[in-house]
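Engineer: Got a structure for you, questions after.
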Amino acid sequence: MSSLAAELELAERLAIGAGRLLLERYEGAPSGVERKSSRTDMVSDADRDAEWLIRELLSKERPDDGLLGEEGSDAAGSSGRRWVVDPLDGTTNYLYRFPAWVVSVALEDGDGSLVGVVHDPLRGETFTAIRGAGAHRDGEPIAVSGALRLDEALVGTGFAYDANRRAEQAELVVEVLPRVRDIRRAGAAALDLCMVACGRLDGYYERGLNAWDWAAGSLIATEAGATVRPLPGEPFGLVVASPSIAAPLFDLVA
């Protein structure tokens, strides 16, 4: 097994293991629910425990690698590589039992993401990619939709938790909606990126993301043939789309 195949296998074990923990708790009453950046930005014991599970396994199998996780893990490591983890992307969905949440695991080196895994426990789907080796869903190759026209494109997006930024994003939707087929909002950026990768969306844009939101999904989308472009300004944002509509979508939202 090549080095990156071994890393992909580990990333899958991490994501699927965390997903199993989340599924076990999905129908029970949420515990340890707290607010983070705003009154609507939530975290729960499920998020924390899923990240703890991933951190513990990495400490045993890759003790020299760094780790960045949404729920507080932040270790530099000494290998020049770093795992970037969102143990539960779509926490609000999870707490509301809205079926759009995933586990995201990526391994980075100095040139960006090497390996990416996004696991959807409810659908039993696992999206994977190795840099330069294509993207897959449950072991089968995937590709972007090949959409040719922005006005016929189904586009995903997401919204921030800060009320002022949400108002700005709403104003942009007013500009975007008449110029595309329609807009979808799942509430989990990693899942949105995989939807572009497998052709369930033609494009996606969002600002206000963190590294754990896009580290795995952007690699999967890139390896599936999507054009990935960062949006200028802060906080970090992306446009991810089938190549023919990427430039007009970028021009519309940038």
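No lab work stands behind these numbers, since they all come straight from the coordinates. Since we're looking at a predicted model, the values are computed, not measured. FYI the Cβ positions are ideal-geometry reconstructions off the backbone, even for glycines, and counts take in every protein chain you see.
Engineer: With each pseudo-label sitting 7 Å past Cα toward Cβ, what's the residue 152-residue 166 distance in nm, one decimal?
Structural biologist: Roughly 3.6 nm, to one decimal.
Engineer: How do 162, 182 line up, fewest other C-beta atoms within 10 Å first?
Structural biologist: Ordered from fewest to most neighbouring Cβ atoms within 10 Å, 162, 182 come out as 182, 162.
Engineer: Based on Cβ point charges of +1 for Lys and Arg and -1 for Asp and Glu, what charge dipole magnitude is obtained for the chain about its Cα centre, in debye rounded to the nearest 20?
Structural biologist: Details: 26 positive and 41 negative charges, 83 e Å.
My answer is approximately 400 debye.
Engineer: If packing is taken as the average number of other Cβ atoms within 10 Å across a peptide's residues, how do 143-149, 79-85 rank, most packed first?
Structural biologist: 79-85, 143-149
Engineer: So if we plug the beta-carbon distance of residue 174 and residue 210 into 1/(1 + (r/R0)^6) with R0 = 30 Å, what FRET efficiency do we get, rounded to 0.05?
Structural biologist: It comes out at approximately 0.70.
Engineer: Of the listed peptides 225-233, 244-252, 133-141, what is their order by residue-averaged count of other C-beta atoms within 10 Å, with the highest listed first?
Structural biologist: Result, highest mean first: 244-252, 225-233, 133-141.
Engineer: Another one. If neighbour count is taken as other Cβ atoms inside 10 Å, put 183, 54 in order from fewest to most.
Structural biologist: Listing 183, 54 from fewest to most nearby Cβ atoms yields 183, 54.
Engineer: Relative contact order, percent, of the stretch 153-254 when contacts are C-alpha pairs under 8 Å separated by at least 6 residues?
Structural biologist: Contact order relative to length: 28 percent.
Engineer: If each residue of separation counts as 0.36 nm, what is the full-extension length gain between residue 45 and residue 182 once their alpha-carbon separation is subtracted?
Structural biologist: Answer, rounded to one decimal: 45.8 nm.
Engineer: Could you compute Rg(Cα) / (2.2 N^0.38 Å) for the chain, with N its residue count?
Structural biologist: Here the answer is 0.96, to two decimals.
Engineer: Hey, what do the phi angles of the stretch 12-27 turn into as Karplus ³J(HN,Hα) couplings, whole Hz, using 6.51/-1.76/1.60 and θ = phi - 60°, x for Gly and Pro?
Structural biologist: So the J values, rounded to whole Hz, are 5, 4, 4, 5, 5, x, 5, x, 5, 4, 5, 5, 4, 9, 4, 8.
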